[in-house]
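Quick note: the coordinates plus some simple rules give every number you see, no bench work behind them. Just so you know, these numbers come straight off a predicted model, no measurement behind them. Here the Cβ positions follow ideal geometry from the backbone for every residue, glycine too, while neighbour counts run over all protein chains shown.
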Number of protein chains: 4
Amino acid sequence: MPDKAKVLLDPHFRKMTEIFSAADLERLHDTGEVVWGRDDPMPPEEARRALAEATAVVCSQWRYGPLPDAPDLRAVVSVSGAFPNDLDYQACWARGIRVLSAAPAFGRQVAEMALGLALASCREIAAGDAAMRSGEEQWLHAGNANTFMLYDAPVGFIGFGALARSLRPLLVPFDVRIKVYDPWLGDGFLRRQGVEPSSLPELLETSRFVFVLAAPSSENQALLSRELLERVRPDAVVVLVSRAHVVDFDALTELVLAGRFRAAVDVFPDEPLAPDHPIRGARGAVLSAHRAGSVREGMWDIGQMVVDDLEAIVAGLPPRRLLAAEPELVGRVVSGHGLKR
Amino acid sequence: MPDKAKVLLDPHFRKMTEIFSAADLERLHDTGEVVWGRDDPMPPEEARRALAEATAVVCSQWRYGPLPDAPDLRAVVSVSGAFPNDLDYQACWARGIRVLSAAPAFGRQVAEMALGLALASCREIAAGDAAMRSGEEQWLHAGNANTFMLYDAPVGFIGFGALARSLRPLLVPFDVRIKVYDPWLGDGFLRRQGVEPSSLPELLETSRFVFVLAAPSSENQALLSRELLERVRPDAVVVLVSRAHVVDFDALTELVLAGRFRAAVDVFPDEPLAPDHPIRGARGAVLSAHRAGSVREGMWDIGQMVVDDLEAIVAGLPPRRLLAAEPELVGRVVSGHGLKR
Amino acid sequence: MPDKAKVLLDPHFRKMTEIFSAADLERLHDTGEVVWGRDDPMPPEEARRALAEATAVVCSQWRYGPLPDAPDLRAVVSVSGAFPNDLDYQACWARGIRVLSAAPAFGRQVAEMALGLALASCREIAAGDAAMRSGEEQWLHAGNANTFMLYDAPVGFIGFGALARSLRPLLVPFDVRIKVYDPWLGDGFLRRQGVEPSSLPELLETSRFVFVLAAPSSENQALLSRELLERVRPDAVVVLVSRAHVVDFDALTELVLAGRFRAAVDVFPDEPLAPDHPIRGARGAVLSAHRAGSVREGMWDIGQMVVDDLEAIVAGLPPRRLLAAEPELVGRVVSGHGLKR
Amino acid sequence: MPDKAKVLLDPHFRKMTEIFSAADLERLHDTGEVVWGRDDPMPPEEARRALAEATAVVCSQWRYGPLPDAPDLRAVVSVSGAFPNDLDYQACWARGIRVLSAAPAFGRQVAEMALGLALASCREIAAGDAAMRSGEEQWLHAGNANTFMLYDAPVGFIGFGALARSLRPLLVPFDVRIKVYDPWLGDGFLRRQGVEPSSLPELLETSRFVFVLAAPSSENQALLSRELLERVRPDAVVVLVSRAHVVDFDALTELVLAGRFRAAVDVFPDEPLAPDHPIRGARGAVLSAHRAGSVREGMWDIGQMVVDDLEAIVAGLPPRRLLAAEPELVGRVVSGHGLKR
């Protein structure tokens, strides 16, 4: 290790103040010498030079060239929720270089939004507010003709990663029973987490609240196919907060428009969503413009976790807050953010 | 006690099927002979005759005449959330007649709605849905310019009765610290419940989420006066779900319209709310037409609790599910439902 | 109410410093004028005179004469875990006089001990410690030939009063499923508390940990008869912490001596237990000399609760910390402390 | 990967039936071809041959020669609580071979015992049982002259690994505040786990219950030095359940014998402990013959976790139940079991 740790900090597309609180930025500077640390992308030439001495690279994608040019490198830290493409992972494992993503920083904010969307749907909070504004509201029981409660409801999670592990504790006091479909996790692990492993069809047929929480992978594109969506209970709500990738979105739209079930949707196949996309008019939907995972204070969790783990790595300790890439999965998770830029 | 218990069942303004599931109705018939048991009000003459042999009266108000005419009476059970007026409570205590209200049956449904409203406000779920429909939505960070999280937030409860005790467990996983103002409860009791006693001004000045949960009493009309409301943090949301009685509603409306703080409001001074009431246009408000406590499945909690407690009373045991009237408080709680009928 | 509340404080057999911390004593003096307040019993003549002006009487038994001599009385507070005998309860109800017992103050200390005894039994902590001292210990697996874990075990509670409600949360993290037998509580109430109603035979046949938590009543003497005890699982432990009254103690002793099941026993039919009582030699027993409910700091809970509730009563509010006597049950609970004095 | 996974199963010093339930053994055979699978150690020649085709090696130590001879190897699984010595970890990282230990399988059983020992100490359960047998018991308050409660107590954890993470939830319902000293974990991580980071002296000076939970490392031998032990509160209990390695055991013994504080001890520097070791006579101690982590049913957790993770590895998924070796720590954790064999 060099005398002093050097952190190549090139967070673009994120902004410095978006992810670092003042306190965390100060801690970061105490951890090592910060190179770059600006909002605009680091010029490639300068980046390559800095890489030669870098202990860690904090970035959103890997665009710094071959790893042999980084002899001191011990960590590659992504400030997005995904792992960098174009990185030589094999070389990282061989050299003990940690590759980390900020996915866990989204756990709490997305879980909170997922619960909020679920309640907004079953208790018709958004529709009820709109009705109050248009003067068409129904009072008391009349306004509750089609509402239902989360308490005691059968719940299904599709995916049991960081989002699901943040969401589960929020649902515990509602006395729900949670079934989980996650082909990457064994039954024994899931049971010890207090949830019940399930097949996907069984989950869809029995759950009144279906939370789609799976990270996009090369294996789960349109996993929720039209055929499977047709198995959803007619009195259910599907809450989609991870990625539209996981769902046949056309089928979802049609079924919700047809009143087959309800949906609460934060992510879309194309973002911004086309102005004339039919789901915009669906009465059975609660819609949100990909806002579950970018709350200001939530974003500071990214910076806090990044600095916490950089401190650990510089001290020769394993990182404990960000998500570490694993050989078995790294090629199977799909990157990308949904929003066209 | 007579050979067989007789239950005078006169639930009007509620409807039989609104409060009793088929299973609970069957249990009720197993408990004793049901007299009347229809949706329309029992004719007074018939009621008085039935009273002479009644073990219990299930009603929404007391309109059955003097208690001496009810020699076998052991319980008066209100299916509303309030205790009957015009009942001789002194005589009830003296004779060991239990007076019970269905207030606890509203705990879960109102708590769930209170949380849903709070999240709809801080995460701008209702406004976000409206924007998606009008095509004016802002995506990702731009759409989160003014949102905030419940996690780790300072929370204040005004009142710590049935609603608050149902709401507290829902907030625990958000790692919040809860201050409580309730002049009817001692500090020692509150601390053992895991909350922190507080004065009202301190609560308002420090809480980011203020939940108004106090039952209306002869002592708390407009408790949240204009002066006190002006102490609310500018970045706070006031969630009003018990009764508008507790708040200076004009002041609340003006302050929310002025952008001083946010509000989520389920109860109003006059219901239905006037079509031109200015709060209908408040951008900082989430509005709901008194729908927190009348969800269909939630209403069946009333019937379940009523039958559970009737079973207990007929068996010579104390009721454990409904709220028992207490000598110290019975005259101080205000009845009434807000909605003009 | 008189100008200033007067509290007749005559806690004998308890001692003042045993139940009141200095801080609580100071609070008590702020609440009203304290009359007597000594460890030895108040002389009868003096007591009767004081009663004439007393707002509240804090005592261990009622020995102050007829209630009409106490025109200002609003509360009778027992510092024992039981309600006073020889009190005219009918008159108390009629006049709205609260009768309170300190039973809830024992909840936490007894629950803690019940868990400690259960673990000492299943993990053989007491026997293991004795073996280490005699040099006969077995190490590692050899020492665990007959131990078992509380995690995931089926648990039964006999009685679901204050002790049980304190014990349940301590067991939740062990992922146990709790069956409850309590003839004074309905199934609906029990289910909402997160436990499963059960018949007594089923509970005994299925539970690996049987906690006897029922307060002694006129109805449950030797409830756990020899016949029922013979249904206990051979691999179970019976934890007896409420009163020996509830159990056929001779049968329990014989069955434990015969190795039929284990027991952890804190209460005995005659206390002190006869020096030659055979249970003293039972290898399958963990024995404790009625020490679950008299920990020094736990005893201060009594004083704290007493003062909290006196404050409430003087302020015209209902008490919320001590246990209020109820018409349906007061004659059915048996008083007495087990220990001959 | 070969056509069918081959599992070299050589668990000695553990026994097959000690760690595998019948159901898990069956699952294991479904996962792949089991080679060896006996209680006695696999003969070296045979082991080397099997290694050439092994997908996974399940063992207690690495004694199978160089990794290049194992071209298909994807996991080395230790059935002890430690990682194998004499394994080329660098080669494992480079080739993506997972190295796993069964440490997490001890979490629940040791946590349960740690709580049991703590309660046995503070509530004097072991001493009280001994007194009942010798006829020297003190009843009620007299028997509680020196007891205290876990409720509300300040608690300190030394180490926050698998044991601590299992113990923490067991303590939550006791309303304790937990300080943690763990130099391998950052403050941010600890706070998010609901504990408070602390220096070691501060922890010792303020905690009434000190749980020693740290795995032995090359850095923490006699971490609890005499000087530090002298800072322990006089009214505290030190619960030692991880390894005696972490403590100056002579100092601990002397201080407990001198009555400076209490201790509950499950692990000793030399096991079996010398028959004349002075701690055997310490009145302030609860002693256990290294029995916290070898309960029969707890041991089956090892087998379950091993099979769960072998299933994952054979399916090309990351293991999620056992502890994965990490480059930063693997050389720093000390192996060994305490007990001379």
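At q = 0.21, 0.24 Å⁻¹, what log₁₀ I(q)/I(0) does a Debye calculation on the Cα points of the stretch A:123-179 give, no solvent, two decimals?
Result of the Debye calculation: -0.81, -0.89.
Mind jotting down the three principal axis lengths of the stretch C:205-263 based on Cα atoms? Whole angstrom, largest first.
30, 19, 16
Largest first and to the nearest Å, give the Cα extent of the stretch B:1-114 along each principal axis.
Result for the stretch B:1-114: principal-axis Cα extents of 43, 30, 25 Å.
What's the Kirkwood radius of the stretch A:251-341 in Å, using all Cα pairs?
Kirkwood radius, the stretch A:251-341: 16.5 Å.
Consider just the alpha-carbon atoms of the protein assembly as shown and return their Rg together with their Dmax, both in angstrom.
In Å, with Rg to one decimal and Dmax whole: 33.2, 100.
Any chance you could list the semi-axes, whole Å, largest first, of the equivalent ellipsoid that the Cα gyration tensor gives for chain A, using √(5λ)? Write out the running numbers ahead of the final one.
On the way: eigenvalues 323, 88, 66 Å².
Values for chain A, descending: 40, 21, 18 Å.
Nm distances between the label at residue B:254 and the same-position labels in the remaining copies, 7 Å along Cα→Cβ, shortest first?
Spelled out, the distances from residue B:254's label point are 5.6, 7.6, 8.3 nm.
Work out Dmax and Rg for the stretch A:164-296 from the C-alpha atoms and quote the Rg first, both in angstrom.
14.7, 46
Between chain B and chain A, with a rotation axis joining them, whose C-beta in B is nearest that axis, and what is the whole-Å distance?
Its Cβ sits closest to the axis: B:126, 2.
From the Cα gyration tensor of the stretch A:10-50, with a ≥ b ≥ c the square roots of its eigenvalues, which class applies: rounded if a/c is under 1.5, or else prolate if a/b is larger than b/c, or else oblate?
Judged from the Cα gyration tensor, the stretch A:10-50 comes out oblate (a/c at least 1.5, b/c at or above a/b).
Report, as an integer, the average count of C-beta atoms from other chains found within 10 Å of each Cβ along C:173-185.
Numbers: counts 11, 6, 4, 0, 0, 0, 0, 0, 0, 0, 2, 6, 5.
Mean shielding count: 3.
Using a label point 7 Å beyond Cα on the Cα-Cβ vector, give me the inter-copy distances for residue C:172 in nanometres, one decimal, shortest first.
0.3, 0.7, 0.8
Cα centroids of the stretch B:191-218 and the stretch C:8-28: how far apart, whole angstrom?
31
Starting from the Cα-Cα distance between residue D:17 and residue D:230, subtract it from 0.36 nm times their residue separation and give me the gain in nm to one decimal.
Going from the current span to full extension adds 72.2 nm.
What are the trypsin sites (Lys or Arg not before Pro) within the stretch D:260-323 that DSSP puts in a loop, where the Cβ has at most 13 other Cβ atoms within 10 Å?
Details: sites: D:260, D:262, D:280, D:283, D:291, D:296, D:320, D:321; in loops: D:260, D:283, D:291, D:320, D:321.
Loop-located and lightly packed - D:283.
Just want the ordering: C:232, B:58, from fewest to most Cβ atoms lying within 10 Å of their own Cβ.
On the way: C:232 24, B:58 28.
Lowest count first: C:232, B:58.
Could you give the alpha-carbon Rg of the stretch A:67-186 over 2.2 N^0.38 Å, rounded to two decimals?
1.60
Hey, how many Å between the Cα centroid of the stretch C:240-288 and the Cα centroid of the stretch B:226-246?
Going from one Cα centre to the other spans 59 Å.
Can you list, shortest first and in nm, the gaps between the label point of residue D:86 and those of its counterparts in the other copies, using a point 7 Å from Cα in the C-beta direction?
4.8, 8.1, 9.3
Please state the charge dipole magnitude for the stretch C:140-248, taken about the Cα centre, from unit charges on C-beta atoms (+1 on K and R, -1 on D and E), reported in debye and rounded to the nearest 20.
The calculated dipole for the stretch C:140-248 is roughly 280 debye.
Can you give the charge dipole size of the stretch C:106-287 about its Cα centre, rounded to the nearest 20 debye, using +1 on the beta carbon of Lys and Arg and -1 on the beta carbon of Asp and Glu?
Details: 18 positive and 23 negative charges, 98 e Å.
Roughly 460 debye, rounded to the nearest 20.
Taking square-rooted eigenvalues a ≥ b ≥ c of the alpha carbon gyration tensor, is the stretch B:183-228 rounded, prolate or oblate, where a/c under 1.5 means rounded and, failing that, a/b exceeding b/c means prolate? It would help to have the intermediate numbers written out before the result.
Values: a/c = 2.10, a/b = 1.27, b/c = 1.65.
Since a/c reaches 1.5 but b/c is at least a/b, the shape of the stretch B:183-228 is classed as oblate.
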